[in-house]
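This report concerns only the one structure given below.
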Amino acid sequence: MKKNDGFTLIELLAVIVILAIIALIVLLIGSTYAWYFIIVKGTSENVIKAGKLSLVLDESESIAINLNNSVPLTDEEGLTGSATISVKINEKGSFIHRDFREENVYFMMTDRFADGDKNNNNLWGDEYLPNGESDMYKFSEDKSGILTYYHGGDFKGIINNLDYLVDMGFTAIWITPSVKQPEGRYFYDGSNGGDKYQASAFHGYWGYDFDKIDPHLHSSGKNSDGWADYKAFIDACHAKGIRVMQDIVINHGNHTAATSPTKWANYSVQTIMDGKEWAWAKLDPYHEPVPEGATPSKNGFYAYYGFGQCADLIDFGHLGQDGKDSRHHLINVYKKFIDAGVDAFRIDTMAYIPNEFAGEFADAMYNHAKSLGNDHFYMIGEVLSEHNEVAPYYAGLPALFEFACWYRLEWAINNATGCYFVKDILSYQQEYAGYRNDYIEATKLSNHDEDRAASLLGKSIDKNKMAAAILLTSAGDPYIYYGEELGMYGTKSNGDEYVRAPMPWGDSYVTAYTNKIDQSAAKGIPNVTEQQQDSNSLLQTYLTFTKLRNTYPALAEGTMSKHNVFNESNANKYKSIAAWYMTKDNEKLLVIHNLGNTTVTLPMTDKIEKAVAVSGKAQQLKDGDSLSIKLEKYTSVVFKLTE
């Protein structure tokens, strides 16, 4: 570009943009929203809509703007809040890769989240609503009847609701597996024992064709490989500042016990991967049959040797010699997802994957991402167990889901006992550090394989608000399961489907209800629109604390430490109180939660600058030079301390 008085046009443009933003701060400071825009390309324009700023530059330039405001606090109790704004310029013209531990992650089962394209719901004719729309609201416990069918969620549904996630303060999403599943519904006739039943692979964990995206998720038809739509989906998320974590399966494929009349019976032991077709024992050039009774060979695309077999699922071989197994094929498959722009992987069933392959796979993914300019590619594994059984897996991956934290939190809330929570969490952190110094705790409440948090907390709105506040003000990288912010409930005692109900939008995006869905949950939970309009809703509590976490680095990236008074040593006096500090650099926050159902008054010796968040009712009391705080039942408060 030509120079103008010593400055390039790019430099002048950057100065103009920054000045324009500063001029708008007065307009933006009172907003209750935090925005993160990333504009990669387009024509030159400045747009202001509904108080939101969007800047689009020419095709060769880009700008990223991060505007973080804390939500207003309940000043009737004498506590006030504040707002901060930060601006970042990106001159590269590409999506900004961030450290994933900074994210607030929203986990959705794609099929159950939002239906944006009705045309991809029943592609094979028997997997959506077998008898048409009349089946949509049928509820039946008959195991031979319609059971776990596709409900219609897809990429378009997510794209069309990204603003909801942005406005809620979520900065990343985790979606269930996207590879193509077996066509049609699954049928088991009971020939190998147990009840007969029908199902579908709506959840994505029964991969059949690993080279294609499942056509129920994209909009290019069942004969398309779906990759163009997948890339467009990733780009749409990135354009809103949302990073995408793709759930992946590297240890198993689809069901092995499919029986007639389903189409699956013809290929239930088959797989398409890395440009090749494979079939158990019949189409596996790596397989080495041995005499009956002899030790099976570890060579084979499939695991004939019995390592870590999942019941009724076809296992991949990971321990072959000289490349005679599935490892390099799985690596090739999932490199394509990184090529498409995905930011992270969640690896399913870590406990069933040999350690040597887990390390090899992780290295291959990290190196491939780095070769494409992403130094922050992220992977997380799941080991559904207590802290002591999870800890050794940190030797292989830096991030693992923290089930123990939720177990302790659920007990603490239901027993009105907060004083031991910090002690337990810090002891787990010390345990994890013994395997990896840079471990990342992926904290959560419930997920798609567990009873929903709202059910375990007795469907109490107060207790659910407390769980949300603690999750989002404690150490770790928080994950929120879709609908958790609305109080969706359900238990697994009657089947997984009860914890995987459709997201209650209150509009046309709601996916189909078939059976195996709690009728009271379908009708009794206030939907998104209703809770957005209710200032006392559970959704508003999540909004408060996700925005707070985005505003204060001490919450998102800080170190957790025990309060010197409100801890287990004073259990008799402050039993219901869970309190801790979150610290990063010169920023220090004091977090206090009253998990009890009675009011508590606490003496305050910390040097408080201001309150930055309140959930419930809190009041500061002064008596001369002494300061105390009165917390009513199920109240949370966060203070910024003076430096």
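The values are calculated or read from the model by the stated rules, or taken from the named source; none is laboratory data. It should be emphasised that the depicted structure is a prediction, and the values quoted were computed from it without experimental measurement. We place every Cβ from the backbone using ideal geometry, glycine too, and count neighbours over all the protein chains shown. The protein model used for the area step is the full one, side chains on, heavy atoms only, and it has no ligands, DNA or RNA in it. Shrake-Rupley method; radii C 1.70, N 1.55, O 1.52, S 1.80 Å.
So that you can scan it fast, the table gives a plain yes or no per residue for (1) within 30 Å of residue 163 (Cβ to Cβ); (2) modelled with pLDDT under 90; (3) among the basic types (Lys, Arg); (4) in contact with a Lys or Arg (Cβ under 8 Å, 6 or more places away or on another chain):
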residue	(1), (2), (3), (4)
218	yes, no, no, no
225	yes, no, no, yes
244	yes, no, no, no
263	no, yes, yes, no
281	no, yes, no, no
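Scan region 609-643 for residues that are charged (D, E, K, R) and either over 30 Å from the mean Cα position of the chain (by Cα) or over 14 Å from residue 548 (Cα atoms) (or both) and jot them down.
First pass over region 609-643, keeping only residues charged (D, E, K, R): 609-610, 617, 622-623, 625, 630, 632-633, 640, 643.
Result: 609, 610, 617, 622, 623, 625, 630, 632, 633, 643.
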Review point. For residue 376, which of the numbered conditions (1) open to solvent by 10 Å² or more (accessible area, probe 1.4 Å); (2) within 21 Å of residue 467 (Cβ to Cβ); (3) of a type outside the set (D, E, K, R); (4) touching a His at 6+ places or on another chain (Cβ under 9 Å) fails to hold?
Key: (2)
Check your understanding: Which one of these is acidic (Asp, Glu), under 30 Å from residue 328 (Cβ atoms) and within 22 Å of the chain's Cα centre (by Cα): 382, 402?
Key -> 382
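Can you find a residue that is open to solvent by 60 Å² or more (accessible area, probe 1.4 Å), at pLDDT 90 or above and either in a strand (DSSP E or B) or under 30 Å from residue 460 (Cα atoms) (or both) anywhere in region 379-389?
Yes: one or more hits.
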Review point. Can you find a residue in region 342-358 that is surrounded by fewer than 21 Cβ atoms within 10 Å (Cβ to Cβ) and farther than 26 Å from residue 323 by Cα?
Key: no
Exercise for review: Take region 576-607 and flag every residue that is among the hydroxyl-bearing types (Ser, Thr, Tyr) and within 20 Å of residue 424 (Cβ to Cβ).
Suggested key: 576, 581, 583
Exercise for review: Can you confirm whether region 460-482 contains a residue that is without any contact (Cβ under 8 Å) to a residue 60 or more places away in the chain, open to solvent by 10 Å² or more (accessible area, probe 1.4 Å) and either under 26 Å from residue 613 (Cα atoms) or in a loop (DSSP other than H, G, I, E, B) (or both)?
Suggested key: yes
Exercise for review: Hey, can you tell me all the residues within region 409-430 that are within 20 Å of residue 452 (Cα to Cα) and buried (at least 17 other Cβ atoms within 10 Å of the Cβ)?
Suggested key: 409, 410, 412, 413
Study note, to complete from the structure: Given (1) farther than 25 Å from residue 382 by Cβ; (2) touching a residue at least 24 places away in the same chain (Cβ under 8 Å), residue 209 misses just (1)
Exercise for review: Taking only region 589-639 into account, find how many residues are part of a strand (DSSP E or B), farther than 17 Å from residue 564 by Cα and open to solvent by 30 Å² or more (accessible area, probe 1.4 Å).
Suggested key: 9
Review point. Can you name the number of the only condition in (1) within 30 Å of residue 314 (Cβ to Cβ); (2) modelled with pLDDT under 95; (3) touching a helix residue (DSSP H, G or I) at 6+ places or on another chain (Cβ under 9 Å); (4) buried (at least 16 other Cβ atoms within 10 Å of the Cβ) that residue 439 fails?
Key: (1)
